[in-house]
Amino acid sequence: MKNFVITIARGYGSGGRTIGRMLAKELDIPYYDRELLRLASDQSGINEALFANADEKIKGTLLFKKARAAYMGELIPPDSEDFVSNDNLFNFQAKVIRDLAATESCVIVGRCADFVLRGQPNVLRLFVHAPFDYCVERAQEVHPSLSREEVKKLIIRTDKRRADYYQYFTGKNWRDADNYDLCINSSLMSWEKSVALVKAFRDINLAP
């Protein structure tokens, strides 16, 4: 099979990151999550912390701007005052994602990778979700020191930030099934079965 990429968007507490790691291990391919920030930092020379904090700064009326143009490799030069703008930070991340897709098979979690790679062959765009109460139970296992109410607020806040980030850079609704090739309710099956389902879907739909 040619190089293929599985992109994963996921609700907080749904297990999407765990499923992504398991997929990468099962398929023996690299897994990229926050590693994308380091790669973008290395390529641009911009401090990695600026990439990590960019989504926190995307607030207010800017969220409702028109959909940005399709990423075509446009990078703002270092001598511009907009070199470390949110848009340019996204551009560097997008370039890293497209470079990875062109050179290797991999699993990429988050960072609007489904949007960046839209229309490309051999890309499987996955969204992992689960009922709110299920996500609360899982998140409490990860954060045992937090109360149930604190965990609920964490999930709501995190998913809102992810939705805002997606809206800002794509002009689309993060939860819209039209953005993805496969949506999985992780509460209906084990993670192992979720991995098997994605593998089967890949084998059927991605060209050899």
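The values are calculated or read from the model by the stated rules, or taken from the named source; none is laboratory data. Everything numeric here is computed off the predicted structure, so don't read it as measured data. Accessible surface areas use protein heavy atoms only, side chains included; no ligands, DNA or RNA. Shrake-Rupley method; radii C 1.70, N 1.55, O 1.52, S 1.80 Å.
List of remarks:
- 3J(HN,Hα) along the stretch 122-135: 6, 10, 10, 9, 10, 10, 10, 9, 6, x, 4, 4, 4, 4 Hz, from the Karplus curve 6.51 cos²θ - 1.76 cosθ + 1.60 with θ = phi - 60°, whole Hz, x for Gly and Pro.
- For the set Lys153/Lys193; Lys2/Lys199; Lys25/Lys199; Lys95/Lys160; Lys2/Lys95, the pairs lying more than 23 angstrom apart at their alpha carbons are Lys153/Lys193; Lys95/Lys160.
- Solvent-accessible area of the stretch 134-183 (1.4 angstrom probe, protein heavy atoms only): carbon and sulfur portion equals 48 percent.
- Applying 0.36 nm per residue to the separation of Lys153 and Asp133 and subtracting their alpha-carbon distance, the gain on full extension is 6.0 nm.
- Among the protein heavy atoms, those of Glu150 account for about 90 Å² of accessible surface (1.4 Å probe, every chain in place).
- Global form of the stretch 88-152, assessed from the alpha-carbon gyration tensor, a/c cut-off 1.5: prolate
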